[in-house]
Structure formats: C-alpha cells, structure tokens
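Everything on this sheet refers to the single structure shown next.
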Amino acid sequence: MNQKLPSPWGIVNDYSKTVVATAAAFLAFTATFSSQFIGRTQDQWLYWCLIGAWLLLVAAIGASFFTFGRLTGFLRKPGSDERKFLFPANVSFFCLLAATALFFVAAIRTVGTDPKEEASVAREVAESFLAEVDSDSFGQTELALVEWNGVAAEWNLMFASNTDTAWVAVEARRMVVSQFRRN
C-alpha cells in the first residue's frame, strides 16, 4: 500500500482555479440580478454594498491569477520561497468570503424592506415637493394612485383635485425625477 500524496503545488493550483470559477460565477449572478435588489429599496448603502462586493470579487480573481503566476515561477525556480504564492491564495479566499458575506447581508436587508413603507416614504417626498412647488392648490389635492415602475426604479404617484392632476415620479434614492401637471 504505497499511497502517493498529492503535490502541494497542485492543491494550491486547483484551489486557485476553484476560487476563480466561484468568484466569476458569483460576479455574473450578482450582476444579472442586481436590478431586482436595487429596485426594491431606497437605501443608498445598498449601492455601495454591491459595488464593494463586486470589487472584492474582482480582487479575489486578481489574487488567484497572481497566485497562478507565482506558482508557475516557483516551479521554474527551485528554492524559491513558497510564501510568495500562498499569501495571494489566502487573500483570494478571504476576498471571496467577504464579498459573499457583504452581498448576502445586503440581500437579506433588501428582502426585509416593506413595499408599503417604501411607498409611504415616496408619498412623503412627493407631497413635500408639491407643497413647495405649488402651495396654493396642493392643499386641495388627494393621492389617487401609487405604483412602482421596476424598469425605471421609481415610484409614480398621481395627485388629483377637482380641477387638475399632478404626476410625480420619485426614484429609489428619494429624489423627485419628474413632474407633470394637467389641468
């Protein structure tokens, strides 16, 4: 029973390939479905969480490629210090782990947002906007319609009175992006 142990350099090589494949798949997955996460909340921090997660995923891929380069150089030069490629291999793993954690924390917080609460915030923003723009007729208007436009990532609100109708679009970052008034 003479069992041959695998080469430690082959293990690090396979490990780095796994990190690259996992990070690339995770990057593609999060980029594909990011609009569904971003469109569901008005929190600005979510954008920064996604950008941070994507940067960490790119760093994980870059550190793995650096590991490949160091590993290839190590095999060509006997006697080189093995820490030269073990450190970037560990960096790639921790970047992948941190990106995963950051994305899941953002996703859990996003899934936990209440659409009714988001709509009421959009209503407050639209009402304060209309009160500033047209304070004379605003007191006579009532909210007639609230709808979410997922394509534009904005709330569309219609305020109506006996004489006119005002449409206000409030984007996810609580900014009024358009107003339309019809008499």
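The values are calculated or read from the model by the stated rules, or taken from the named source; none is laboratory data. Every value quoted in this text rests on a predicted model; they were computed, and no experiment measured them. Quick reminder, even Gly has a Cβ in these numbers, built from the backbone with ideal geometry, and neighbours come from all protein chains shown. Heavy atoms of the whole protein, side chains included, go into the accessibility calculation; ligands, DNA and RNA do not. Shrake-Rupley method; radii C 1.70, N 1.55, O 1.52, S 1.80 Å.
Shown in residue order for region 16-28 are the 3J(HN,Hα) couplings computed by the Karplus curve 6.51 cos²θ - 1.76 cosθ + 1.60 at θ = phi - 60°: 5, 4, 5, 5, 4, 5, 5, 5, 5, 5, 5, 5, 5 Hz (x for Gly and Pro). Sorting 33, 87 by accessible area puts them as 87, 33; the probe is 1.4 Å, largest comes first, and only protein heavy atoms count.
Protection proxy ranking of 5-14, 88-97, 57-66, by the mean of other Cβ atoms within 10 Å over each peptide's residues and highest first, is 57-66, 88-97, 5-14.
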